[in-house]
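What follows is a short report on a single structure.
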Amino acid sequence: MKTFRQIIAGATIVMAFSGCASLIPSNSSTNVLSSIQKGMSKQEVINILGSPEFRRFDRETEEWEFTRKLYNEDAIATTTQIVISFEEGKVVAMDSFRRDAYSVPTPPDGMVINPPVGFYFKGMHPGEFQRLYEKVKSRPFKDDQIEMLHVASRNNNLSCKQCARLMSLFPFDDDKIKVLKMFASGIEDIENYDEILDAIDSLFKRDDAKKILGIRR
């Protein structure tokens, strides 16, 4: 009888754990993002994420961009942007970040307000830039940091201040110049170039930075 009760109790525990597992969405951010690995083929990525919403390519690299609704551990949905880079048909890099929804607060009853005016940011949205900055900063190796910035530079414009912050992640001017070269063509407030020059120690490298930015004075 005791053995029978133990069997019943064990079965109940197993069923309880199975029930909990069934509540975890299969498209949780952890499940989906951890499924993408370096070296995967395009078809393997499609099997996980479906077809991309956007596609970009140059001579060597192709990028796919996806917008997916994923769930965190509390089963709360967030819209996630996923960018995957391929070389020779294989995954070489991935970036993901949450697409925050910005809503206009509901006015009190009887109050009339004008339609919302769109905000324009020079460079990346501050929230997205901060996420990129923290991700790059958290990488322990310089080569990984440079690779991540190389991927980000293909589809992001920066302000001079943002570019200077990314350059300042590196202690040596040669690496700072590498970062500047990646983003120079997409800097949107070139008139503030002094912020970039202030991030460089060597006067000679500052002259190089001016040439990269097309500054003639």
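Some points to look at:
- Shape of the stretch 126-212, Cα gyration tensor, a/c cut at 1.5: oblate
- Annotation: the residues Lys205, Lys181, sorted from fewest to most other C-beta atoms within 10 Å of their own C-beta, follow the order Lys181, Lys205.
- Charge tally around Arg55: other residues with Cβ under 13 Å, Lys/Arg +1 each, Asp/Glu -1 each, net -2.
- Net charge of Cβ neighbours under 12 Å - reference Glu188; Lys, Arg +1; Asp, Glu -1: 0
- Ranked by how many other Cβ atoms sit within 10 Å of their own Cβ, fewest first, the residues Ser35, Ser138 fall in the order Ser138, Ser35.
- Prolate/oblate/rounded call for the stretch 29-98, Cα gyration tensor, a/c under 1.5 rounded: prolate
- Sparsely packed loop sites in the stretch 123-169 (the chymotrypsin sites (Phe, Trp or Tyr not before Pro) outside DSSP H, G, I, E and B with at most 15 other Cβ atoms within 10 Å) comprise Phe141.
- Glu53, Glu128 arranged by Cβ crowding within 10 Å, fewest neighbours leading: Glu53, Glu128
Read-outs throughout are calculated quantities, based only on the coordinates presented, and are distinct from any laboratory measurement. What you see is a predicted model; the values in this text were computed from it and never measured. Ideal geometry is used to build each Cβ from the backbone, glycine not excepted, and the neighbour counts take in all protein chains shown.
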